[in-house]
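A short worksheet on the structure shown next.
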Amino acid sequence: METITVEAPIAPANRNTKKLYHYQESDITTLFEKIGESTTPQRLLYQLPTGGGKTVIFSEIAKRYIKKFHRKVVVLTHRKELCRQTATTLKNAGIANKAITSTVKSVNRKDQSLCYVAMVETLKNRIKSGQMDTDSVGLVIIDEAHHNSFQKLLGKFKNATVIGVTATPFSADINLPMKKNYSELIVGAPIGSLIEQGFLARPKTWRYDVELNSLITGQHGDYTVSSSDALYSAPAMLELLLHAYREHSKNKKTLIFNTGIFTSKAVCQMFTDAGYDCRHLDNKTSPTERDGILKWFKKTKGAILTSVSILTTGFDEPSVQTVILNRATNSLTLYHQMIGRGSRRLPHKKTFNIIDIGNNTDRFGEWNAPVDWKYVFENPDQYHESMSHHTEYESHTVPPEMRSKFPNSLEVSFDVQQAHHMATENGEKPKTVIRDSIRQHVLMCADNAETISEALHLSEELDKEINWRVKQYAKCLGKVTKNYTEWLAGDYKAKLRVLIQKIMHRRERLAAK
């Protein structure tokens, strides 16, 4: 905890204070007008893109609120790094504040401080033990307000206006929409505008289509670590990552986001073996080692940092030139947070690269594309449904155990409905869909086997997937009998075995020459 004592509630801002930009000043004025319009405490949500300076803005709001109303302000965060950074920003703005973290065992109810920066769980415990007078708090500011963990505390501050701050006013949990806790959304400058005005770097996006059918959606709505590790640690995916880096980011300072630690370490080993300077960082890395790695990353030209669950918030390194999404996510917030790590503008950095190896751009749209955030806030159910539509095909799950049998194949699935649509558009016969599907399965078996018997054995692993494809094909045809569908599945598997033997024989002959 750092306690700063001054004679007046607001001390002179020090030389580290950042000058407010015009859009920041405008938004602060709007928020204060909203506060003044009502005689009762309000619940306001403020949206501003990552890199727009949210911490600077809400620090200025706290400063002006204390100066005008002489009432206490509490700033809530969900991570230690954010807590420390916020306390420092407030200090630089000239605001005496006390940080309430896990190391602070008690808070004197008679404490005269006018500003506190608190971790959610810690403050919850201090309130529960009666060590803090919440009735005297006039303003609560919530950083990263989309996190559902804050909701448990909002009801404790009955006399306080609440301002939530986020880049994405959309809860990942459809059962806990943000409009339940906030009455109004104030939208800040969009990403496109901040780019045009020179406040954010302009992105160049490189997208790679990846088969994600083996990914499993967990109880919290995003893909599980185990299924993601199984996919992204496969040799074919690691080779794709290395290829993408060499094509679009070689010798550039690169930040790689992964879902699992196993994958991130495999990525680090691959880049190291290829002769590149690469380090791995995750939420289990010790603070000392973490600080050392981040210092190395800052000063090293062309450094590659591969990470898991640690650098999406509270990390600001403007020199990042490329962000690689080596993962898929269903979280709109996480998508924006990851890309935002590379969007900081510098005098010699006007653009940055996004390499998407998870179909995330298809799911959420281009990072800098306009978003109607008011619609998202007011209609979360409809927005959630529209996002689900983009991933409807991905919802067909190829089991990880089956996916693991074909590590040398980038594609293990086949969009039957899309293939049928293309065949119809091109005037081809519908049966070309089944033909192309069989050909893909033949190559999968042949590319992952040394002998004919191994390849035929692998074909048996495809039974469930074949049955699913045949049923999808039958739907495309319209009304067909169950007998026909069963015959078609049997014919598919028979042709698959014949073609596997042909291609394996051919490869054996070529190898013998």
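The values are calculated or read from the model by the stated rules, or taken from the named source; none is laboratory data. Keep in mind that this is a model prediction, so the values were computed, not measured. As a convention, Cβ positions derive from the backbone with ideal geometry for all residues, glycine included, and neighbour counts pool all protein chains shown.
Go through region 241-265 residue by residue and tally those that are crowded, with 20+ Cβ neighbours inside 10 Å and more than 30 Å from Thr217 (Cα to Cα).
2
So, in region 494-513, of the ones that are charged (D, E, K, R) and closer than 19 Å to Asp447 by Cβ, which residue ends up surrounded by the fewest Cβ atoms within 10 Å (Cβ to Cβ)?
Per the stated criteria, the residue is Arg509.
Would you say Ile324 is touching a residue at least 60 places away in the same chain (Cβ under 8 Å), in a strand (DSSP E or B), buried (at least 22 other Cβ atoms within 10 Å of the Cβ) and within 13 Å of the chain's Cα centre (by Cα)?
yes
Each row is one residue, and each column tells you yes or no for (1) over 25 Å from Cys476 (Cα atoms); (2) touching a residue at least 60 places away in the same chain (Cβ under 8 Å).
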| position | (1), (2) |
| --- | --- |
| Arg403 | yes, yes |
| Thr424 | no, no |
| Pro430 | no, no |
| Ile438 | no, yes |
| Met444 | no, no |
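Is it the case that Lys152 is among the basic types (Lys, Arg) and more than 30 Å from Ser319 (Cβ to Cβ)?
For Lys152, the condition - among the basic types (Lys, Arg) and more than 30 Å from Ser319 (Cβ to Cβ) - is met.
Of Asn467, Asn448, which residue is within 36 Å of the chain's Cα centre (by Cα) and either over 15 Å from Val412 (Cβ atoms) or among the hydrophobic types (A, V, I, L, M, F, W, C) (or both)?
Step by step, each of Asn467, Asn448 is checked, and only Asn467 is within 36 Å of the chain's Cα centre (by Cα) and either over 15 Å from Val412 (Cβ atoms) or among the hydrophobic types (A, V, I, L, M, F, W, C) (or both).
So how many residues does region 266-297 have that are among the charged types (D, E, K, R) and surrounded by 13 or more Cβ atoms within 10 Å (Cβ to Cβ)?
The total comes to 4.
Pull up region 268-281, narrow it to residues that are part of a strand (DSSP E or B) and of a type outside the set (D, E, K, R), then point me to the one that is modelled with the lowest pLDDT.
Leu281
Does region 251-259 include one or more residues that are at pLDDT below 95 and farther than 30 Å from Val412 by Cα?
Checked against the condition, which is being at pLDDT below 95 and farther than 30 Å from Val412 by Cα, region 251-259 yields at least one hit.
Only strands (runs of 3 or more DSSP E) wholly contained in region 31-116 count here; list those with 3 or more residues that are buried (at least 22 other Cβ atoms within 10 Å of the Cβ), modelled with pLDDT of 75 or more and touching a Ser or Thr at 6+ places or on another chain (Cβ under 9 Å).
43-47, 72-77
State the number of residues belonging to region 168-208 that are touching a Leu at 6+ places or on another chain (Cβ under 9 Å) and acidic (Asp, Glu).
Number of matching residues: 1.
Is one or more of the residues making up region 348-363 surrounded by 15 or more Cβ atoms within 10 Å (Cβ to Cβ), modelled with pLDDT of 95 or more, among the hydroxyl-bearing types (Ser, Thr, Tyr) and within 26 Å of Gly53 (Cβ to Cβ)?
No, because not a single residue in region 348-363 is surrounded by 15 or more Cβ atoms within 10 Å (Cβ to Cβ), modelled with pLDDT of 95 or more, among the hydroxyl-bearing types (Ser, Thr, Tyr) and within 26 Å of Gly53 (Cβ to Cβ).
For region 465-492: of the residues being of a type in the set (Lys, Arg) and assigned to a helix (DSSP H, G or I), which is surrounded by the most Cβ atoms within 10 Å (Cβ to Cβ)?
Arg469
Which of the residues spanning region 365-379 are surrounded by 14 or more Cβ atoms within 10 Å (Cβ to Cβ) and more than 28 Å from Ile355 (Cα to Cα)?
Lys374, Phe377, Glu378, Asn379, listed by residue number.
Filtering region 164-185 down to residues that are touching a helix residue (DSSP H, G or I) at 6+ places or on another chain (Cβ under 6 Å) and in a strand (DSSP E or B), which residue is surrounded by the most Cβ atoms within 10 Å (Cβ to Cβ)?
Going through the qualifying residues, I end up with Val165.
What's the total number of residues in region 28-78 that are touching a residue at least 60 places away in the same chain (Cβ under 8 Å) and β-branched (Val, Ile, Thr)?
10
Among residues belonging to region 131-150 that are modelled with pLDDT of 75 or more and among the polar types (S, T, N, Q), point out the one that is farthest from Lys180 (Cα to Cα).
Going through the qualifying residues, I end up with Ser136.
Regarding Glu411, is this residue acidic (Asp, Glu) and in contact (Cβ under 8 Å) with a residue 60 or more places away in the chain?
The answer is yes for Glu411.
For (1) under 21 Å from Leu346 (Cβ atoms); (2) in contact (Cβ under 8 Å) with a residue 60 or more places away in the chain, each residue gets a yes or a no:
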{"position": "Pro169", "(1), (2)": "no, yes"}
{"position": "Lys180", "(1), (2)": "no, no"}
{"position": "Val187", "(1), (2)": "no, yes"}
{"position": "Leu194", "(1), (2)": "yes, yes"}
{"position": "Pro203", "(1), (2)": "yes, yes"}
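Go through region 166-181 and give me each residue that's closer than 16 Å to Lys374 by Cβ and β-branched (Val, Ile, Thr).
Across region 166-181, the qualifying residues are Thr166, Thr168.
Output the residues belonging to region 270-308 that are of a type outside the set (Gly, Ala, Ser) and more than 22 Å from Thr259 (Cα to Cα).
Those that are of a type outside the set (Gly, Ala, Ser) and more than 22 Å from Thr259 (Cα to Cα): Thr288, Lys295, Trp296, Lys298, Lys299, Thr300, Lys301.
For Pro318, state whether it is in contact with a strand residue (DSSP E or B) (Cβ under 6 Å, 6 or more places away or on another chain) and modelled with pLDDT under 90.
Judged against the criteria, Pro318 is a match.
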